[in-house]
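Contents: one structure, followed by commentary.
The values are calculated or read from the model by the stated rules, or taken from the named source; none is laboratory data. Everything numeric here is computed off the predicted structure, so don't read it as measured data. For neighbour counting, all protein chains shown are included, and Cβ atoms are generated from backbone atoms with ideal geometry for every residue, glycine included.
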Amino acid sequence: MGTFVIEGGRSLHGEVAIPGAKNAATPILAATLLTRGECVIHRVPSITDVAKMLELLRALGAEVSREGSTVRVKASEVTLTNLPFNLVKGMRSSVLLLGPLLARLKEVELPEPGGCIIGNRPLDSHLYGLAQLGAEVRQTSQGYRLAVSELKPGRVVLPEFSVTATENVLMAAALTPGTTVIELAAAEPHVQDLGRFLQAMGAKIRGLGTHRLEIVGSRLHGAEYTLMPDQIEIGTWAAAAAVTRGRLKLSPVVPEHLDIILLKLREIGVDINLVGEELTVSGSRPLKSFKLQALPYPGFPTDLQAPFAVLATQAQGTSLIHDPLYEGRLNHVSELVKMGANAVVADPHRVVITGPTPLYGREIRSFDLRAGATLIMAGLVAQGETVISDIEVVDRGYEKIDERLRAVGAAIRRLA
């Protein structure tokens, strides 16, 4: 496993180009299986989760090519014969194949998917949602098998605001003739982006951005589409600018995706200037303590509560961060404590952090994608040298993060 070596104490200054959203890229690539026509997707991030999804599409029989940030997929023929179960097991977003493959082939068998160590994330909502469309669900020795003679449109009530379950049902419904209504649907920006891509393919969808989706399914065709910029990357870079007392210009951004993030940054004392699709973040003022609770959109994103923990270590006073969504989201806290943070994990969902405290370079470990980005931020502000192991998890969702950090002044290098 590789490592990052960071020499802390440098402010970040410059411009950062924001790639397409990881959380939109994987479901939209999975949705290309819903048509025999060619799909052309622009602004696709160069990250390992995307590379693995493209590998899965090839294994399923699709023709796949990539030139720069543009990906072309043509799934004229789809087969489960060569699906690599080991690759599926190692990638959480492989669960997004359930809906498209069930709609296209009328049957699918997948092992339990893997992914980041952030707590138990069962497939119950996915299976329950697809079963309401008529799928017969059976547990196998390796995972689950879903089969149906014909999917039936209808009313699907999800048991929770699950993003990927919403996406799976949305994709299946888009290829099912008739009207399907999804109640308690997730409303996150990347769910909306998937919906807009399906609309470009010919599906009729109402209610994007709300918790009630109405889909009129039909035969779908190929489409050309540009991914939305990554909301989580924008928040991470903004927090990094603030904590290093730097100044970064981020573009493009979608302002309405950032409401709660920018509100919280301003509350903490960060200077924000938003003009059109360009966001400038300056960390020139002392940071103030805060309370933060992760919630489904339009609430504060769970993927950003960990990076904001680094802001809490440098803020005056005591901050409370609460993430009720996953019980394993606080793994980064133990590593921050090693670096000098005054942080106490109250329970699996809450951490109390008192600052400001100086952070010191240490040898630490990245447990998951967002924890990895968090510890990079901590290394940037720490005194001395920080060595972060297991950095491959960061490559899952942040495109060439070390190169882009060096371009704005960070002293960071990658060791194999």
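For this structure, a couple of remarks:
- Residue ID - nearest to residue 23 (Cα to Cα), chosen from residues in the stretch 50-87 that are touching a residue at least 40 places away in the same chain (Cβ under 8 Å) and surrounded by 22 or more Cβ atoms within 10 Å (Cβ to Cβ): 53
- Residue match in the stretch 4-22 (condition: under 30 Å from residue 151 (Cα atoms), part of a strand (DSSP E or B) and modelled with pLDDT of 95 or more): no
- Exactly one residue out of 376, 321 is in contact (Cβ under 8 Å) with a residue 40 or more places away in the chain, buried (at least 24 other Cβ atoms within 10 Å of the Cβ) and in the same structural domain as residue 290 (by TED's automatic domain parsing), and it is 376.
- The stretch 290-301 residues that are on the phi < 0 side of the Ramachandran plot, paired with ones that are basic (Lys, Arg) (beta carbon under 9 Å, 6 or more apart): 290/264; 292/264; 294/329; 300/264
- Test result for residue 160, touching a Leu at 6+ places or on another chain (Cβ under 9 Å), of a type in the set (D, E, K, R) and part of a helix (DSSP H, G or I): no
- Yes/no for residue 312 being under 23 Å from residue 261 (Cβ atoms), touching a helix residue (DSSP H, G or I) at 6+ places or on another chain (Cβ under 6 Å) and not basic (Lys, Arg): no
- Matching option when the condition is assigned by TED's automatic domain parsing to the domain that holds residue 182, farther than 24 Å from residue 84 by Cα and either of a type in the set (Phe, Trp, Tyr) or modelled with pLDDT under 90 (or both), among 134, 119: 119
- Strands (runs of 3 or more DSSP E) wholly inside the stretch 215-297 containing at least 2 residues that are modelled with pLDDT of 95 or more, out of contact with any helix residue (DSSP H, G or I) (no Cβ under 7 Å at 6 or more places or on another chain) and over 25 Å from residue 39 (Cβ atoms): 247-251, 271-275, 278-282, 291-293
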